[in-house]
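See below for the structure under consideration.
The values are calculated or read from the model by the stated rules, or taken from the named source; none is laboratory data. The structure presented is a predicted model; accordingly, all values stated were derived computationally and were not measured. Cβ atoms come from the backbone with ideal geometry, glycine included; neighbour counts cover every protein chain shown. Calculation scope for accessible area: heavy atoms of the full protein, side chains included, ligands and nucleic acids excluded. Shrake-Rupley method; radii C 1.70, N 1.55, O 1.52, S 1.80 Å.
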Amino acid sequence: MLQTIRDKFTGWIAIVFIVLISMTLVISFGNMDQTPLQDDVVITVNDEEITLFEFQEEFSNKLVEFQDLLGDDVPEVLEKSIKESAAEDLIIRRLLLDYLLERGYRVSPEYVAELIRTNETFLLGGEFNIENYKAILASQGVTIDQFENDLRLQLEINQLRRGFIETAFITNAEFTQFIELQMQERTGQLLTVDSSRFMDQVVIDPSEVNDYYQNNLDLFQSNEEVDVEYLEISIEDVAQQVEFTSDDLKEYYENNLDRFVTNEERKSSHILVAIDEDTTDEQAAELIGEIQLKLEIETFEDLAKQYSDDPGSATQGGDLGWAETGLFVPEFESALFSMNVGEVSTPVKTDFGYHLIRMDDVKTGQQQSFDEIEYELELEYSRQLAEEELFVLADQMADLTLQSYNELASVADKMNLELNALDAFSRSGSTFLHQDLEMVNILFSPGSIELGENTPLFQIGDSVIVARAKSHRMPATREFSSVQSDIESFLMSDRAMSLANDYAEGLRSQESLNFADLAAEEGIKSEDFQILRNSTNYPRGLTEAIFSMHKDHMDQEIVVFSELNNVYLAKVSSVSSGNLSFFSDQERSDAKSDLSQQYGSEDLNGLAQSLRENAEVFIEPGLYEGLFDL
C-alpha cells in the first residue's frame, strides 16, 4: 500500500527489487527534467554512449555507500576515486550487456511476465491488475516495452553470473584446503600503544596551523546547503489512531484461516558416511550398504555412534531433532518428507556423502486458535487498516500541497500536522531524507531553490513525506577562526601518531621483547589473542596483517599496524588449521556454496576485465575533476 502511494504521487520510483545471488538489482526510472548538460555524452564504450545524467546517478549511489562507512562528509581526496569507480562500473555493465546479446543469452517472456505479475508494486487487493501496471508506468513516462526490456537485460546479466557459479568445479582437496585456510586460527600476544601517551611531547607552532589552513583551503569549504521544512505522516502514528472491535478482529481471523496454520515438523536421525579426501564415492557407497545390512541385528543409535561422520549428531545416536522444510539439503529433505514414522531410508546421496535416514516422529501442521495469536492479529489488522487510512491521508496531502504550491504551513494547519525543520541540509549526508536520491535532487533543483516549490510526495521507510527548501547557501571557504582549533587538534594527533609509530618500530627492532613488561606503562596494553580470518573482535587491517605472516617465520617476526589513534604490535605463537570434521552437514553445504560463489565471481570478474581491456573507451576529460558538477 505504501509503495502504491509513492508510485501515485512522485515522479520517481524504484519499481522492482529482485534479490539475486550476491547481487542486488534495482531498476529505477525517472521523468525528472534534465538540463542540456545532463544529456551530454561523457563516456563512449565501443561507440555506445553514456550520458552525464547516468554517470551522476551512479556516482550518487556510490557516494551514499561511502557515507554509510565514513559519515556525512566524505573526504574530497576520495571523491575522484569514487567517480572513477562509478565510471568503470557503467563501462563494465555496458560491455556485459553487449556480451550477452552476442552470445544469445535470453530470458523467456513468460519468466519476465511472471516476475511482473507477482511484484507487489503492481498488485491491487493482492491481485495483479494490468490497468494499474500501465498507469504506474505511464505516470513515470516509461513505456511497457522499455520497462520490460530493461528488466530482461538485468535478468540476463544475472543468468550469466549464475552460470559461472553453478559450473564452478570444486574438488574435495580444494574444499578441504579452503576450510583449512579460511577457518585457520592464530594465537599470540598483542601490544596496543595509545598515541595519546605522546601528546605531552607535541608542540604545534601557531604558524603551522595557519600554513596548513592556507595550503589546504579546499578542505575547508562549506557544503552547498538548503534549510528544509517538511511534513510527515508515519504509518505507526496512523496505526495508533485506528479503531476496530473484537468482532472485526475475529472476522479478519475467520477470513484468513489458511494463513494461520503451523508448519509440519519431522523428527529424524541419520548415519552419514562422508565422501572426502580419505574416502572415495565408491568406498562410501560400499560402507553405507554394509551399515544398512547391520541394521537387521544392531540398533540405529549404536551404528550411528560407531560409524557416522557427522560430529554434531553421532554422539546422540544420529538424532537430528525436529525440523520443518527448508532446513536440510534438497536430497535429504525430499527423502525425509516422503517417509513414514519408523521407516529407514535406502542410502541417500548428498554433497556430503551417503546417509541412512530414519523418520522418528511427525507433528502435522495445526490450526492456530484465535486466542493463541490474538496479539499478532491485532498488530497485523491495525497495520492493514493504517495502510488504508494512510492512503486517504496521502491523497489529501497531495491535493493540498499541489494547491499551496510553495508553502507547507497551511497544509500543516488543515491536516493538524507538525511542520518540521531540517537546517543545513547538504547534497550528501545521512539524514532520513538522504535515503531518497530523487528527493535530494529536487530540493536542490532550480524550482526548489528559486521558487521554494513543494516536492511531490515520497515514501521514505514507513512514512509519507513532502518537503520544500526555505533558503539556500552556496559553498564558501570557512573562516580560519572557525577551524583553527580543529586544525591544531588534527596536527597534534598526527604528530602523536607519528611518535607512536616510531616507538613501535623501535620496540620491534629489539632482539628480546617482553610484551607483559611493557604493559605496566601508561597508555600501553598487553593481551593474548585468539583470532580467525573472519573475526570482528579486532580491526580488519590488523587481522589481515596477522594472517599475512608466514607461519614458518612467525617466531622471528612482529607485525606493526596503525589505525585511528592506536599502534598495534602482534606476535603469533601458534597456528591451527580449520578441521572439516568439526562442521555439520549444513555448515559444509554453506561453505561449499560460498566457495562456488567465490570461484564463479572470480570467473565473471575475469571475463569483465578481458572485455574492458579489449574495448574502445573514451572518457570525457575533466569528468573526474569537477568540470561537469552541477
Legend entry - The listed residue being of a type in the set (Asp, Glu), out of contact with any Lys or Arg (no Cβ under 6 Å at 6 or more places or on another chain), open to solvent by 20 Å² or more (accessible area, probe 1.4 Å) and modelled with pLDDT of 90 or more, out of ASP211, ASP248, ASP227, ASP237: ASP211
Legend entry - Answer from GLY429, GLY461 - the residue that is small (Gly, Ala, Ser) and farther than 27 Å from GLU79 by Cβ: GLY461
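So that you can scan it fast, the table gives a plain yes or no per residue for (1) open to solvent by 20 Å² or more (accessible area, probe 1.4 Å); (2) in contact with a helix residue (DSSP H, G or I) (Cβ under 8 Å, 6 or more places away or on another chain); (3) closer than 11 Å to TYR230 by Cβ:
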{"position": "SER445", "(1), (2), (3)": "yes, no, no"}
{"position": "ASP462", "(1), (2), (3)": "yes, yes, no"}
{"position": "VAL466", "(1), (2), (3)": "no, yes, yes"}
{"position": "THR477", "(1), (2), (3)": "yes, yes, no"}
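Quick one: which residue in PHE582, PHE529, PHE628 is in contact with a Leu (Cβ under 6 Å, 6 or more places away or on another chain) and modelled with pLDDT under 80?
None of the others qualify; the one that does is PHE628.
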Inset, instruction - Report, by residue number, each residue of the range 192-208 that is surrounded by 13 or more Cβ atoms within 10 Å (Cβ to Cβ) and either among the charged types (D, E, K, R) or in contact with a Lys or Arg (Cβ under 6 Å, 6 or more places away or on another chain) (or both). - result: THR192, ASP194, ARG197, VAL202, GLU208
Inset, instruction - Return yes when GLN435 is surrounded by fewer than 17 Cβ atoms within 10 Å (Cβ to Cβ), among the polar types (S, T, N, Q) and touching a strand residue (DSSP E or B) at 6+ places or on another chain (Cβ under 8 Å) and no when it is not. - result: yes
Inset, instruction - For the range 420-433, state whether one or more residues are assigned to a helix (DSSP H, G or I), under 33 Å from the mean Cα position of the chain (by Cα) and free of Cβ contacts under 8 Å to residues at least 40 places away in the same chain. - result: yes
Legend entry - Residue check for ASN119: farther than 19 Å from ASP603 by Cα, modelled with pLDDT of 70 or more and touching a strand residue (DSSP E or B) at 6+ places or on another chain (Cβ under 7 Å): yes
Inset, instruction - Output the number of the condition that ILE291 fails; it satisfies all remaining conditions of (1) free of Cβ contacts under 8 Å to residues at least 60 places away in the same chain; (2) touching a Leu at 6+ places or on another chain (Cβ under 8 Å). - result: (1)
Legend entry - Cβ-Cβ under 7 Å pairs, at least 6 apart or on other chains, the range 454-479 side over 25 Å from SER404 (Cα atoms), far side surrounded by fewer than 24 Cβ atoms within 10 Å (Cβ to Cβ) and hydroxyl-bearing (Ser, Thr, Tyr): PRO475/SER222; ALA476/SER222; ARG478/SER222
Inset, instruction - Go through (1) at pLDDT 75 or above; (2) among the acidic types (Asp, Glu); (3) over 27 Å from LEU607 (Cβ atoms) and name the single condition ASP98 misses. - result: (3)
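Looking at ILE442, ILE449, can you tell me which residue is under 30 Å from SER222 (Cβ atoms), in contact with a strand residue (DSSP E or B) (Cβ under 6 Å, 6 or more places away or on another chain), not aromatic (Phe, Trp, Tyr) and not in a strand (DSSP E or B)?
On the way: ILE442 fails: in contact with a strand residue (DSSP E or B) (Cβ under 6 Å, 6 or more places away or on another chain).
None of the others qualify; the one that does is ILE449.
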Inset, instruction - Go through the range 285-386 and tell me which strands (runs of 3 or more DSSP E), entirely inside it, have 2 or more residues that are of a type in the set (A, V, I, L, M) and either touching a strand residue (DSSP E or B) at 6+ places or on another chain (Cβ under 8 Å) or open to solvent by less than 70 Å² (accessible area, probe 1.4 Å) (or both). - result: 319-323, 353-363
Legend entry - Conditions (1) more than 27 Å from ILE204 (Cβ to Cβ); (2) at pLDDT 85 or above: number failed by ALA500: (1)
Inset, instruction - Might you let me know whether the range 7-16 holds any residue that is buried (at least 18 other Cβ atoms within 10 Å of the Cβ), in a strand (DSSP E or B) and either at pLDDT 75 or above or among the aromatic types (Phe, Trp, Tyr) (or both)? - result: yes
Legend entry - GLU57 open to solvent by 30 Å² or more (accessible area, probe 1.4 Å), more than 23 Å from the chain's Cα centre (by Cα), within 24 Å of VAL41 (Cβ to Cβ) and modelled with pLDDT of 75 or more: no
Legend entry - Subset tally (residues that are part of a loop (DSSP other than H, G, I, E, B) and either modelled with pLDDT of 90 or more or of a type outside the set (Gly, Ala, Ser) (or both)) for the range 452-472: 7
Legend entry - Residue count for the range 222-259, restricted to those that are touching a helix residue (DSSP H, G or I) at 6+ places or on another chain (Cβ under 7 Å) and in a helix (DSSP H, G or I): 6
